[in-house]
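This report refers to the structure that appears directly beneath it.
Every read-out reported here was derived from the displayed coordinates using simple, explicitly stated rules and does not represent laboratory data. The shown structure was predicted, so the numbers you read here are calculated from the model rather than taken from an experiment. Every residue, glycine among them, receives a Cβ derived from its backbone with ideal geometry; neighbour counts consider all protein chains shown.
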Amino acid sequence: MTKLIFIEGVSGVGKSTMVQTLQKELTGLGYKVKSYLEGDYTNPIDFYYTAYFTAHEYEKLCYKYSHNREIINMNTIKVNDIRLIRYAHGKEFIFEEPLLSTLIENEFCYHPKKIIPIDKYISVYTKIWNKYSESLKGEFDFVIFDGSLLHHPVNDMINNYHITGEQAVPFITALLNAIGLTEKYIFYLKTDNISIQLQIAYKERNRLKPTCKQIEFWERRFKDDMVVLNSINENFRILNISNNCWDKAKKEILFNVHYNSHT
């Protein structure tokens, strides 16, 4: 039975690095592992540059751009009356104009121009999570997700619907319910000083020094995340990666998932 591992935390704490490390370590222990890093086009439950259409709107789009129907279909997630079309792979657009502009105009969650009602947004997300859970066939022992439970979904809801941590709880609860009895692990990486951690991360990524506004946002996000985690009916672990505790956090994660897989 495939188990899901969610690695969470504010920006800059090393979620992607931890995901890559865990995949290597778990593979070395003989497990079959799949991982999805931030921005991964193939992530089945996290969405980057994705356009939202109803089934009816989708058919009209395919008819209008019939010469692109095959590639549109190849990049579409279909669930009930929902059609999500991925229109970029990383920073490279998949489609050309004028179709590209139409897809951007219908962006689903990343700074959308037309924001869909929040109940519809939650419904779309949960249906897709449920479909993914039902599709798991045991091909992998573990699937590891980088920020797909809290980090990206809650960011989008804050930006698009201006929610608080308390208001995010029903959304995250709905996502967890959507994957039902699928065994899951939630690990949250924290740091004692978010400001310093952001400065280190931005420097490593060759980005400008984080602004006061950016630091304040992530300090507030951490508080919101704690509200969400302490309100959901799931087991989770908060692991401090400050003061050279990175390896300790990694070992604790590996112990938990490896030990529980043999009990």
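Given a Förster distance of 22 angstrom, what is the FRET efficiency for Ser66 paired with Leu100, based on the Cβ-Cβ distance and rounded to 0.05?
Rounded to the nearest 0.05, the efficiency is 0.85.
Would you give the gap between the C-alpha center of segment 215-258 and the C-alpha center of segment 172-204, rounded to a whole Å?
6 Å
Length gain on complete extension for the stretch Gln214 to Glu166, per 0.36 nm per residue less the alpha carbon to alpha carbon distance?
That pair, Gln214 and Glu166, stretches by 15.2 nm at full extension.
Please give the helix 15-28 orientation as an angle from the longest Cα principal axis of the chain, in degrees from 0 to 90, rounded to the nearest 10.
80 degrees
Could you compute the net charge surrounding Gly90? Neighbours are other residues with a C-beta less than 15 Å from the C-beta of Gly90; K and R count +1, D and E count -1.
Here the count lands on -3.
Taking only Cα atoms, what is the 0 to 90° angle, nearest 10, from helix 118-135's long axis to the longest principal axis of the chain?
On a 0 to 90 degree scale, this one is about 70.
Near Lys64, which lysines are there with a Cα under 30 Å away, not counting those fewer than 8 places off in the same chain?
The reachable lysines, counting only those whose Cα sits under 30 Å from Lys64, are Lys78, Lys91, Lys113, Lys114, Lys120, Lys127, Lys131.
What value, in deg cm²/dmol to 500, does the helix sum -39500 (n - 2.57) over DSSP H runs of n ≥ 4 give at 222 nm once divided by the residues of the chain?
-15000 deg cm²/dmol
Quick check on the chain: of the DSSP beta bridges with both residues there, what percent are antiparallel, nearest 5%?
Bridges in the chain that DSSP calls antiparallel: roughly 40 percent.
Test of understanding: what is the full-extension gain from Arg205 to Ile115, defined as 0.36 nm times their sequence separation minus their Cα-Cα distance?
29.3 nm
Springs between alpha-carbon pairs under 10 angstrom, Gaussian network model over the chain: which of Ser11, Ser148, Ser101 fluctuates most?
In this elastic network of the chain, the residue with the biggest mean-square fluctuation among Ser11, Ser148, Ser101 is Ser101.
If you add up the charges near Lys64, with Lys and Arg at +1 and Asp and Glu at -1, over every other residue whose beta carbon is less than 15 angstrom from its beta carbon, what do you get?
In short, -3.
In whole Å, what is the distance between the alpha-carbon centres of segment 1-63 and segment 115-136?
15 Å
Report, in degrees rounded to the nearest 10, the 0 to 90 angle that the Cα long axis of helix 246-260 makes with the longest principal axis of the chain.
Helix 246-260 sits at roughly 80 degrees to that axis.
In segment 163-220, which GluC sites (Glu not before Pro) fall in coil by DSSP and have 16 or fewer other Cβ atoms within 10 Å?
The qualifying sites are Glu183.
Are there GluC sites (Glu not before Pro) in segment 60-162 that DSSP puts in a loop and that have at most 14 other Cβ atoms within 10 Å, and which ones?
Answer in residue order: Glu96, Glu139.
Please list, by residue number, every one of the chymotrypsin sites (Phe, Trp or Tyr not before Pro) in segment 81-180 that is coil in DSSP and has at most 12 other beta-carbon atoms within 10 Å.
Here no loop site has a sparse enough neighbourhood.
Would you kindly state how much longer the chain becomes between Leu29 and Asn177 on full extension, computed as 0.36 nm times their sequence separation minus their alpha carbon distance, in nm to one decimal?
Here the answer is 50.3 nm.
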